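Have a look at the structure below before the remarks.
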Amino acid sequence: MLLITRDLPPEVMARARREHDVRELRLQGPFTPKAVLDNLSGVNAILCTPADRFDAALITALPANVRVIATFSVGVEHIDLEAAAARGIEIRSTPDVLTTATAELALMLMLMAARRAGEGERLLRAGKWTGLVPTFHLGRNVSGKVLGIFGMGRIGRALASMARGLDMEIHYRNRNRLPPELEAGAVYHADDESFLGAIDFLSINAPGGAETRHWLNAARIGLLKPGAIVVNTGRGSTVDDDALIAALQSGHVAAAGLDVFNNEPALHPGYLALENTVLLPHIGSATVETRNAMGFLALDGIAEVLHGA
């Protein structure tokens, strides 16, 4: 039997019901381990989401019949991998399939932030647009500028490819330098100071975790050129919210486009008062095609464990 914690796209649910006896929790809002533990009779596979925290205590309490936990996400920070390994529980995730959708959203946020699109729409909807004036609502060009990518994995490289179509110069900061065929002419920086000082736009595409927690702090923001624009579609934990909000208020960072936040969905209220931010509710992978592909890949992972498929 397969336990599914939350509603998934209709095509994914249809396939799950064809392949398994399914128990659907349909959780809404905050995750409670008890909701899982009370529904595990006969369950040998769990399909969860990043909103569901499978910590060591929960994994230790799972019955022996649970053989695999698949997560509807690329990241697995919400699952205690050591505890799962100790119990012999396999973990499956959904890498690769959301690369294009997330890169597209990062590019969209760059354009929206640079051209003050969110601010302009709010003004229009409020009935405050009085007509064309040459000095009205001036934004910034994206074309010809320098894009810095922090985290040059699949998504970062896809974004770089798209940005080259806008005649942007690509610089990147990575744990390791990429081979030339993946670098594709991008400029590698081995240190934060040279990287941040060289760029006009910063796109954060790095994974979460302790190593990158609050990487974008006040000190690193200070290394950015005045008027730089920051975009984050990676993990909210990579940003020190207080530091970024202060830089947006001062104008040192001209604008930001954010799709991910610390403590989602309870984002820092300081962002809400800023006109120079574009805020989206973590929809980087939210296309029909991508979400279906994620669900199908999670089901493939479950089949691999249960049936050797």
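Let me spell out the model: positive unit charges on the Cβ of Lys and Arg, negative unit charges on the Cβ of Asp and Glu, origin at the Cα centre of the stretch 99-279. What dipole size does that give, in debye rounded to 20?
Details: 17 positive and 18 negative charges, 61 e Å.
Dipole size: approximately 300 debye.
Which aspartates and glutamates, on any chain, are close to Lys128 with Cα under 18 Å apart, when same-chain ones fewer than 8 places away are left out?
Filter leaves Glu119, Glu275.
Report, in whole Å, the centroid distance computed from the Cα atoms of the stretch 209-259 and the stretch 128-162.
Taking the Cα centre of each part, the stretch 209-259 and the stretch 128-162 sit 16 Å apart.
Show me, for the stretch 126-138, the HN-Hα J-couplings you get by feeding each phi into the Karplus relation (A = 6.51, B = -1.76, C = 1.60, θ = phi - 60°), rounded to Hz, glycine and proline as x.
7, x, 9, 7, 10, x, 6, 9, x, 9, 7, 6, 6
Hey, what number do you get for the chain at 222 nm if only DSSP H runs of n ≥ 4 count, each worth -39500 (n - 2.57), divided across all residues, to the nearest 500?
Details: 12 runs with 110 residues, N = 309.
Taking each H run of at least 4 residues, the total per residue is -10000 deg cm²/dmol.
Could you give me the radius of gyration and the Dmax of the stretch 181-309, taking only the C-alpha atoms into account and expressing both in angstrom?
17.7, 57
With everything on Cα atoms, drop me the angle between helix 154-164 and the longest principal axis of the chain, reported from 0 to 90° to the nearest 10.
That works out to roughly 30 degrees.
Would you list, by chain and number, the lysines whose Cα falls below 25 Å from the Cα of Lys145, excluding same-chain residues fewer than 8 positions away?
By straight Cα distance, Lys145 reaches Lys225.
According to the Kirkwood expression over distinct Cα-Cα pairs, how big is the hydrodynamic radius of the chain, in Å? Could the numbers behind the result be given before it?
Values: mean 1/r = 0.0476 Å⁻¹.
For the chain, the Kirkwood estimate is 21.0 Å.
Return the ratio Rg/(2.2 N^0.38 Å) for the stretch 99-279, where Rg is computed over Cα atoms only.
1.01
How charged is the neighbourhood of Ala255? Take every other residue with its Cβ under 10 Å from the Cβ of Ala255, and add Lys/Arg as +1 and Asp/Glu as -1.
Working: positive: Arg115, Arg116, Arg140; negative: Glu119, Glu275.
Residues close to Ala255 contribute a combined charge of +1.
Once you've got the GNM for the chain with C-alpha springs shorter than 10 Å, pick whichever of Ala64, Ala163, Ala45 has the biggest mean-square fluctuation.
Ala64
Determine ³J(HN,Hα), in whole Hz, for all residues of the stretch 245-257 in sequence, where each value follows from phi through the Karplus function 6.51 cos²θ - 1.76 cosθ + 1.60 and θ = phi - 60°; x replaces Gly and Pro.
Here the 3J(HN,Hα) series is 4, 4, 5, 5, 5, 7, x, 4, 9, 5, 6, 9, x Hz.
Report, in degrees rounded to the nearest 10, the 0 to 90 angle that the Cα long axis of helix 10-19 makes with the longest principal axis of the chain.
20
Taking the highest mean first, how do the peptides 139-150, 104-115 order by number of other beta carbon atoms within 10 angstrom per residue?
Descending packing order for the listed peptides: 104-115, 139-150.
Laboratory data are not the source of any read-out in this text; all were calculated from the coordinates shown. Predicted model only: the values in this text are computed from it and were never measured. Heads up, the Cβs are rebuilt from the backbone with ideal geometry, glycines too, and the neighbour counts pull from every protein chain shown.
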